Amino acid sequence: MLDDRKLDVLRAIVQDYVATHEPVGSKALAERHNLGVSPATIRNDMAALEEEGYITQPHTSAGRVPTDKGYRLFVDRLAGIKPLSTPERRAIQLFLDGAVDLDDVVGRTVRLLAQLTHQVAVVQYPSLTRSTIRHVELLTLAPTRIMLVLITNTGRVEQRVLDAPGPIGDTLLADLRGRINGVVVGRRFADVALLVQDLGESFTAEERPIVTTVLAALLDTLVEQQEERVVLAGTANLTRFGTDFPMTIRPVLEALEEHVVLLRLLGEATEPAMVVRIGHENMHEGLAATSVVSVGYGSGDEALAKLGVLGPTRMDYPGTMGAVRAVARYVGQILAES
């Protein structure tokens, strides 16, 4: 276990290196931080930190820089979450309140996160597997053509056009709409198949083929939309940190193109707590020089999806964690009120 003084030295090294991108020496630490000890004592503490693997010396004549292990200790024990200022919070609320639908909410959120943190932002759409149905609408487009519109509790809208086996009257359509909504509204997607399986039996033999077609389309819509969707913004921000990546940013860019990698980066959507993965804690080899800060968001207490940012390990962790947490809260409020 490190004593408080060595922890203070490590905190100062991380803060200075993130701010200056220059290896940090004992003399600079003594001048910039009120550590209350001489440069010689700081040198001894730095030697102990290096021996323990928390900092390393990139060049023989240079100062020290934090390792993944050093950043991890900083995040876990030394870094609080920096709250956003009142103007920043007001700007977030104003920007997100202007969203007109779920696609707009997600689009605005990912752009906002990229602008606030100057990193790559990733936002997962609310998962349909954890969503509930708010309403099912049936609209006549032609005598034998129907549009089915599915609206979730998060405001997500899915549409499907289907051809009925015969003409469908307004009375039957209204009756079917009412009966479907009567059993599925407020229920999870996973429960719908069981809830509607006997619905066709309550209609006449003449009406049943049309009812069966509509119910099959509803179930197909639920199954087809299970795929998780993620959106990305701020990739160009990586070019600002070119020297933070050992060779080139190409492995990072290639990793970000993979849908599965993005989902794994964010982690399980049902886990609402903030997660910070640093350097080699990221399983994908191309992301070994990056850190990811992610958190769940949703309406109410349950996380429906996750959002986060990716950048170099030399990251302003307190500020990034504060921005990610604040944006997630605002998005959750919007979904709850929508």
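The values are calculated or read from the model by the stated rules, or taken from the named source; none is laboratory data. All values reported here derive from a predicted model rather than from experimental measurement. Backbone-built Cβ (ideal geometry, glycine too); neighbour counts: all protein chains shown. The accessibility values were calculated without ligands, DNA or RNA, using every heavy atom of the protein model including side chains. Shrake-Rupley method; radii C 1.70, N 1.55, O 1.52, S 1.80 Å.
Would you kindly derive the ³J(HN,Hα) couplings of the stretch 104-119 from the backbone phi angles with the Karplus curve 6.51 cos²θ - 1.76 cosθ + 1.60 (θ = phi - 60°), listing them in order in whole Hz, with x for Gly and Pro?
Values per residue, Gly and Pro as x: 5, 4, 5, x, 5, 4, 5, 5, 4, 4, 5, 6, 5, 9, 6, 10 Hz.
Could you give the spread of the C-alpha atoms of the chain along their three principal axes, from largest to smallest, in whole angstroms?
Here the spans come out as 92, 38, 34 Å, largest first.
Compute for the stretch 1-107: radius of gyration divided by Kirkwood radius, i.e. Rg/Rh, restricted to C-alpha atoms, rounded to two decimals.
Answer for the stretch 1-107: 1.19.
Between residue 333 and residue 91, what is 0.36 nm times their sequence separation minus the Cα-Cα distance? Round to one decimal in nm. If you can, show how the numbers build up before the last one.
Numbers: separation 242, 0.36 × 242 = 87.12 nm, distance 1.53 nm.
Value of the extension gain: 85.6 nm.
Assuming 0.36 nm per residue, please report the length gained on full extension of the stretch residue 137 to residue 302 beyond their Cα-Cα distance.
Working: separation 165, 0.36 × 165 = 59.40 nm, distance 2.63 nm.
Difference between extended and current length: 56.8 nm.
Could you derive backbone 3J(HN,Hα) for the stretch 179-184 from the dihedral phi with the Karplus parameters 6.51, -1.76 and 1.60 (θ = phi - 60°), listing whole Hz in sequence and x where the residue is Gly or Pro?
Rounded to whole hertz, the list is 6, 4, 4, x, 9, 10.
What whole-number value in Å² describes the accessible area per residue of the chain for a 1.4 Å probe? The partial results should precede the final answer.
Numbers: 16280 Å² over 338 residues.
Heavy-atom SASA per residue in the chain reads 48 Å².
So what is the relative contact order of the chain, in percent, for Cα pairs below 8 Å that sit 6 or more residues apart? Can you show the working numbers first?
On the way: 555 pairs, mean separation 65.1, N = 338.
After rounding, I find 19 percent.
For an R0 of 22 angstrom, estimate the FRET efficiency from the Cβ-Cβ distance between residue 47 and residue 280 and round to the nearest 0.05. Don't skip to the answer; put the middle values down first.
Working: r = 24 Å, r/R0 = 1.08.
Efficiency, from the Cβ-Cβ distance: 0.40.
Against the longest principal axis of the chain, how steep is helix 208-224, in degrees 0 to 90 to the nearest 10, with axes from Cα atoms?
Taking the Cα atoms of the chain, the angle to 208-224 is about 10 degrees.
Computing the accessible area with a 1.4 Å probe over protein heavy atoms, can you report the carbon and sulfur percentage for the chain?
50
Using alpha carbon centroids, what distance separates the stretch 156-232 and the stretch 102-135, in Å?
Using only Cα atoms, the two centres lie 27 Å from each other.
Using only Cα atoms and rounding to the nearest 10 degrees, what angle (0 to 90) does helix 39-51 make with the longest principal axis of the chain?
For 39-51 against the chain, the angle is about 50 degrees.
Give me the percent of Cα-Cα pairs in the stretch 171-285 that sit more than 16 Å apart, rounded to a whole number.
72
Taking 0.36 nm per residue of sequence separation and subtracting the Cα-Cα distance, how much length would be gained by fully extending the chain between residue 205 and residue 161, in nm to one decimal? Walk me through the numbers before you get to the answer.
On the way: separation 44, 0.36 × 44 = 15.84 nm, distance 2.35 nm.
Result for the pair: 13.5 nm of gain on full extension.
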